[in-house]
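Only the coordinates and a few stated rules stand behind these numbers; no lab work does. Just so it is clear, the model here is predicted, and its values are computed rather than measured. Don't worry about glycine lacking a Cβ; one is built from the backbone with ideal geometry, like all the others, and counts go over all protein chains shown.
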Ligand code: NAD
């Protein structure tokens, strides 16, 4: 598998989608290429003395919209091919969801578990200042976000470093998203990707025709789920699906898995992971030493939510799920995809399914540019209005509502309500728009349809500027 190219897979998805468009080959080639690939090395001082040289990347795939947007990944497996592939997926993801950004991605080749917090802070601050030197970060040009191995803490360090360099920039905090609330983050961002994944799966299983075709009933209630990766995306996805009545029967982590046909309690599992760093000692399930085997267990929905390249031509023939829901980026290789589709397994593609993160990042960026929280200006106004309407209706009908009913109907939306409903609207409409495009153009699968939709939108932005005929 050493000659496997994730970026190669993404390019071939674009070629496959291009067949359903009538754009010239030159335009398709431009859409495929990464516009800028910046690789750099920098030293950091280790806590116990000595130095280590760190290799890092920032790739800007497409400048058809600015700023470009994409997470920063900390992993010892990070390499240029991977960062290029992830950057290009971001361009197509944003186009698909009508989020007005180009795509980018960052990568730092370290295993964060091997570093102390103070060392990770040095890495993050130095990474940020290297980006500043080359103009690879700013609210107008390139806005990073969390990804595998990074979270709020790293985004806070990035924001703090950038705003220290540019104290006069009024929009400085818009240089990165996924920040803590105290540093102008937005409520709902941490759980946004997982919430979006759960909305996407809910929409897919709501379509009777599609569920009948793969032998499933509609609805989430009772659906048996196996999850790979109990990190930010995996945990929140499982939490929201469990709340909707789905049953999590297996969870695979990098060092082992847990299986229980009657269901696992996701809150207990995450508490154990947070307190001990692992789920392997969970007592209310069967321990699976080779967690990768869980991908092959019988279930309704398999959710890879860890890393790319997890379902390959090797294990795809043994996958028994009815739906593979790509919460991670690129978990199914192109070769594996052909096998799964041949087996009549539905794939909900990463391009669509995990776009909730960038969607809410977009809301956070808007909040930073406007410097006001969503709902702050009109919450009370809406409450007063709602109260007036309710009183008028009570007078008209002679029926009095209870205090609880009043409270429920009067309360105006706060930031998190607006964020969650905006996210739901975008996830729901993108799913059905893509499915309709798939049907209208007789496209065989949702991934190709997602690429067709986004290639069309990116192509149009070049054509409208007169760059291509
Ligand atoms: P994370 O670091 O929070 O969690 C990853 C989890 O996967 C960890 O619990 C880790 O222990 C586990 N893991 C690692 N290797 C594994 C293996 N071989 N088998 C099983 N588990 C393994 O990362 P995340 O932010 O949840 O990102 C996960 C995936 O989702 C990545 O592909 C990322 O690109 C994608 N994604 C993340 C976001 C976001 O907002 N964080 C947005 C879009 C897409």
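Show that you can apply the helix-only estimate: for the chain, add -39,500 (n - 2.57) for every DSSP H stretch of four or more residues, divide by all residues, and state [θ] at 222 nm to the nearest 500. Don't skip to the end; give the middle numbers.
Values: 16 runs with 212 residues, N = 469.
Taking each H run of at least 4 residues, the total per residue is -14500 deg cm²/dmol.
With Rg and the Kirkwood Rh both taken from Cα atoms, where does Rg over Rh land for segment 192-353? Working shown, then result.
On the way: Rg = 14.3 Å, Rh = 15.3 Å.
In segment 192-353, Rg relative to Rh is 0.93.
With no solvent and one equal point scatterer placed on each C-alpha of segment 36-183, evaluate the Debye formula and give log10 I(q)/I(0) for q = 0.09, 0.12, 0.13, 0.16 Å⁻¹, two decimals.
-0.25, -0.44, -0.52, -0.80
Could I get the Rg over Rh figure for segment 235-314? Both from C-alpha atoms, Rh via Kirkwood, rounded to two places. Spell out each step's value before the answer.
Numbers: Rg = 12.1 Å, Rh = 13.0 Å.
Rounded to two decimals, Rg over Rh is 0.93.
Relative to the present Cα-Cα distance, how much length would full extension add between residue 265 and residue 403 at 0.36 nm per residue of separation?
Values: separation 138, 0.36 × 138 = 49.68 nm, distance 3.47 nm.
Taking 0.36 nm per residue and subtracting the Cα distance, the gain is 46.2 nm.
Considering Cα pairs under 8 angstrom that are at least six residues apart, work out the relative contact order of segment 192-353 and quote it in whole percent. It would help to have the intermediate numbers written out before the result.
Values: 340 pairs, mean separation 34.2, N = 162.
It rounds to 21 percent for segment 192-353.
Going by how many other Cβ atoms sit within 10 Å of their own, how do 21, 404 line up, fewest first?
On the way: 21 14, 404 8.
So the ranking, lowest neighbour count to highest, is 404, 21.
Contour minus end-to-end for residue 440 and residue 287, with contour as 0.36 nm per residue of separation and end-to-end as the Cα-Cα distance? Don't skip to the answer; put the middle values down first.
Working: separation 153, 0.36 × 153 = 55.08 nm, distance 4.62 nm.
The span from residue 440 to residue 287 would gain 50.5 nm if fully extended.
Evaluate E = 1/(1 + (r/R0)^6) for residue 460 and residue 207, where r is the Cβ-Cβ distance and R0 equals 41 Å; express this FRET efficiency to the nearest 0.05. Numbers along the way, then the final one.
Working: r = 28 Å, r/R0 = 0.68.
Rounded to the nearest 0.05, the efficiency is 0.90.
With the contact rule set at Cα under 8 Å and sequence spacing of 6 or more, what percent relative contact order holds for segment 313-434? Could you put the intermediate results ahead of the total?
Values: 92 pairs, mean separation 29.2, N = 122.
Computed over segment 313-434, the figure is 24 percent.
Could you order peptides 249-258, 128-137 by the average number of other Cβ atoms within 10 Å of their residues, highest first? If you can, show how the numbers build up before the last one.
Values: 249-258: 23.0, 128-137: 17.8.
So the order, starting with the most tightly packed, is 249-258, 128-137.
Hey, could you grab the Kirkwood Rh for segment 1-52? Inverse mean 1/r over distinct alpha carbon pairs, Å, one decimal. Show your work: numbers first, answer last.
Working: mean 1/r = 0.0683 Å⁻¹.
It works out to 14.6 Å.
Taking a virtual spin label 7 Å from the Cα of residue 343 along the C-beta vector, which residues in segment 303-318 bring their backbone nitrogen under 14 Å of it?
303-304, 310-318
Give me the base-10 log of I(q)/I(0) for the chain at each q in 0.07, 0.11 Å⁻¹, Debye formula, one uniform scatterer per Cα, rounded to two decimals.
-0.37, -0.92
Sort 98, 300, 160 by Cβ crowding within 10 Å, fewest neighbours at the top.
Values: 98 15, 300 22, 160 18.
The order, fewest Cβ neighbours first, is 98, 160, 300.
Counting other beta carbons within 10 Å of each Cβ, put 94, 109, 299 in order, fewest first. The partial results should precede the final answer.
Details: 94 30, 109 18, 299 25.
So the residues, fewest neighbours to most, are 109, 299, 94.
So if we plug the beta-carbon distance of residue 382 and residue 429 into 1/(1 + (r/R0)^6) with R0 = 30 Å, what FRET efficiency do we get, rounded to 0.05?
Working: r = 24 Å, r/R0 = 0.79.
The calculated FRET efficiency here is 0.80.
Among 54-66, 8-20, 344-356, 451-463, how do they line up from the highest to the lowest mean number of other beta-carbon atoms within 10 Å?
Details: 54-66: 22.5, 8-20: 18.0, 344-356: 24.8, 451-463: 20.2.
Final packing ranking: 344-356, 54-66, 451-463, 8-20.
Quote the FRET efficiency, to the nearest 0.05, computed for residue 132 versus residue 243 with a Förster distance R0 of 45 Å and r equal to the Cβ-Cβ distance. Mind dumping the intermediate values first?
Values: r = 42 Å, r/R0 = 0.92.
Taking R0 as 45 Å, the efficiency between residue 132 and residue 243 is 0.60.
How long, wide and thick is segment 388-435, going by the Cα atoms along their three principal axes, in whole angstroms, largest first?
Largest first, segment 388-435 extends 48, 23, 16 Å along its Cα principal axes.
Rg (Å, one decimal) plus Dmax (Å, integer) for the alpha carbons of segment 325-384?
Rg then Dmax for segment 325-384, in Å: 19.4, 58.
In whole angstrom, note down how far apart the Cα centers of segment 30-57 and segment 255-324 are.
32
What share of the DSSP beta bridges in segment 36-183 is antiparallel, in percent to the nearest 5?
Values: 16 of 26 bridges.
The answer is about 60 percent antiparallel.
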